[in-house]
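Reviewing the structure listed below.
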Amino acid sequence: MASLKIATWAVVMTVICTRLFAQSPQPLTVDRVMTPAEFRASGLHKLTPAEMRALNAWFNKAIDKAIAIGKESKSMKAPNAEITLKDIFNGAIIAADGQFLGMISDNQFDAKSISNQVGQYGGAVGRFSIFNEVGKYGGKIGQYSPFNAISFKPPQIYIDGKAVCYLTVDEFKSPRLDPRLLKAWVESQR
């Protein structure tokens, strides 16, 4: 039950960031922000179409409320807090070995954008893509991958030539942006 609550919270945070930082023409629905495996594991596939519409309506109201609360907050974030997509939009991802891994952008046609699914930085087979599950810079075992929980050298995000955070699933690195959040956002742009 605790893992379902954590997964639900992760989905909510993903959608909040998607709403804040993207102008996606498609409506946001629970099934769009979850993987098919997560959707089935949660039992949501058993809902009727009417129940799914009701869940999505509630989901969107909850997201809007969370965004409103966030906008009212006076402090941006506490020291060592996680970084948001808004903080790093248009930032560059650089691997620990100095390799450029793409720009955080919603431009699907920019050759340097991680949103370009056929590009070398955003594609599933791109040599320098963090989304290449069998590459040096992607997957759970890639030496410099943000998805490798035991990587000693995860990539960092740079804004104006300065490192602002790690891009990693490693919760002990700070400040950081969870690459699963970034991946969900990128997928929502397609």
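For this structure, a couple of remarks:
- Search result, residues across the range 122-131 that are closer than 18 Å to Leu181 by Cβ and open to solvent by 10 Å² or more (accessible area, probe 1.4 Å): Phe131
- Restricting Val169, Val134 to residues that are at pLDDT 90 or above and open to solvent by 70 Å² or more (accessible area, probe 1.4 Å) narrows the list to Val134.
- Candidates Val186, Val164 - the one that is among the aliphatic types (A, V, I, L, M) and part of a helix (DSSP H, G or I): Val186
- Phe100 vs. criteria closer than 16 Å to Glu187 by Cα, modelled with pLDDT of 75 or more and of a type in the set (Phe, Trp, Tyr): no
- Of everything listed in (1) farther than 29 Å from Val30 by Cβ; (2) hydrophobic (A, V, I, L, M, F, W, C); (3) crowded, with 22+ Cβ neighbours inside 10 Å, the single unmet condition for Ile159 is (3).
- The set of residues from the range 120-164 being at positive phi and either within 15 Å of the chain's Cα centre (by Cα) or of a type in the set (S, T, N, Q) (or both) comprises just one member, Gly139.
- Among the residues making up the range 95-111, those that are open to solvent by less than 40 Å² (accessible area, probe 1.4 Å) and either within 14 Å of Gln156 (Cβ to Cβ) or among the charged types (D, E, K, R) (or both) are Ala95, Leu101, Gly102, Ile104.
- For Ile150, the criteria (1) outside any strand (DSSP E or B); (2) open to solvent by less than 30 Å² (accessible area, probe 1.4 Å) hold in every case but one, which is (2).
The values are calculated or read from the model by the stated rules, or taken from the named source; none is laboratory data. Everything numeric here is computed off the predicted structure, so don't read it as measured data. Positions of Cβ are backbone-derived with ideal geometry, glycine not excepted, and every protein chain shown enters the neighbour counts. Just so you know, the surface numbers come from the protein's heavy atoms only, side chains and all, with ligands and any DNA or RNA stripped out. Shrake-Rupley method; radii C 1.70, N 1.55, O 1.52, S 1.80 Å.
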